[in-house]
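Just so it is clear, none of the values below were taken in a lab; they were calculated from the coordinates. Note that the structure is a prediction, hence the values are computed from the model and not measured. We place every Cβ from the backbone using ideal geometry, glycine too, and count neighbours over all the protein chains shown.
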Amino acid sequence: MAYLSVGDCRLFYLLDGPEDRPVVMFSNSIGSDLGMWDTQVPSVSKRFRVLRYDSRGHGRSDAPQGPYTIDRLGLDAATLIDGLGLRQVSFCGLSKGGMVGMWLGANAPHMLNRLVLANTSSNLGPPEFWDERIRVAQADGMAALADVVINRWFTPEFIHRAPAEIDRCRRMLVATPADGYAACCAAIRDMDLDTAMQGIRTPTLVIVGDRDPATPPSHGEKIAEAIAGSSLVRLSASHLSNIEAANDFNTAVMTHLAG
């Protein structure tokens, strides 16, 4: 297993695809692990080296005591890029991963070639929403959140037609350490990238799901308006659009990366 130490945390990561190709780094949403990108790896790894990692507090990475901050999560990603000897990557992040991508675009642009910000937000309140998520996770465990989160991740139609995929994502969510999830909830609660994202100059693609209740299309539209020269793609999906609309998501990402 591959780990890289980032201060008080070991980050678990995987590399797929040809070693001599440019690197695309994927960053997962809150409550998921790097397995959320399984539907991207086969197509993307044909042309790129694919780097996936578990955020601190998630998957097989460590879960140091929180709360975390978006600065901390962004520094984790930057340290992983540097620690693996990668001069520059293209970065694709969804939800929390997209927030990390915005942080990198604003604070470490020299590390980025291209940027994909999917189903994400620069400022995601209200704080009371995240406080309640923290309370439930710590008091009752991740299983208590499973139904409400799954119903925000996917449309009812997808839940009905893809039971095996829903079961896989449910197991991924429930396996997330409650304290790590809560610490990342605090990072999202306290995040404000409204000003920082206006300075991003990396070529950027913004992806929104037209039925996403977690980060509604208006949040992505706001990001696309703030980042000069960015483009916006709308997918027929809810929050985890990379899974629910995998083919269209992959086409959009590959087109942007090839540009």
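What to note about this one:
- Some residue of region 134-142 being over 24 Å from Val24 (Cα atoms) and under 15 Å from the mean Cα position of the chain (by Cα): no
- Every residue from region 231-259 that is in a helix (DSSP H, G or I), within 23 Å of Pro213 (Cβ to Cβ) and touching a residue at least 24 places away in the same chain (Cβ under 8 Å): Ser241, Asn242, Ile243, Glu244, Ala246, Phe249, Ala252, Val253
- Filter pass, Thr202 being under 19 Å from Pro126 (Cβ atoms), within 18 Å of the chain's Cα centre (by Cα) and in a loop (DSSP other than H, G, I, E, B): no
- Qualifying residue in region 154-166 (condition: part of a helix (DSSP H, G or I), under 18 Å from the mean Cα position of the chain (by Cα) and crowded, with 20+ Cβ neighbours inside 10 Å): no
- Only listed residue being surrounded by fewer than 21 Cβ atoms within 10 Å (Cβ to Cβ) and within 18 Å of Ile188 (Cβ to Cβ), chosen from Ala226, Ala246, Ala214: Ala214
- Residue within region 105-115 that is in contact with a Pro (Cβ under 8 Å, 6 or more places away or on another chain) and crowded, with 18+ Cβ neighbours inside 10 Å present: yes
- Residues (outside any loop (DSSP other than H, G, I, E, B), over 15 Å from the mean Cα position of the chain (by Cα) and under 17 Å from Ala106 (Cα atoms)) located in region 205-228: Lys222, Ile223, Ala224, Glu225, Ala226
- Matching residues in region 17-51 - criterion: being in contact (Cβ under 8 Å) with a residue 60 or more places away in the chain, in a helix (DSSP H, G or I) and touching a strand residue (DSSP E or B) at 6+ places or on another chain (Cβ under 8 Å): Met36, Trp37, Val44
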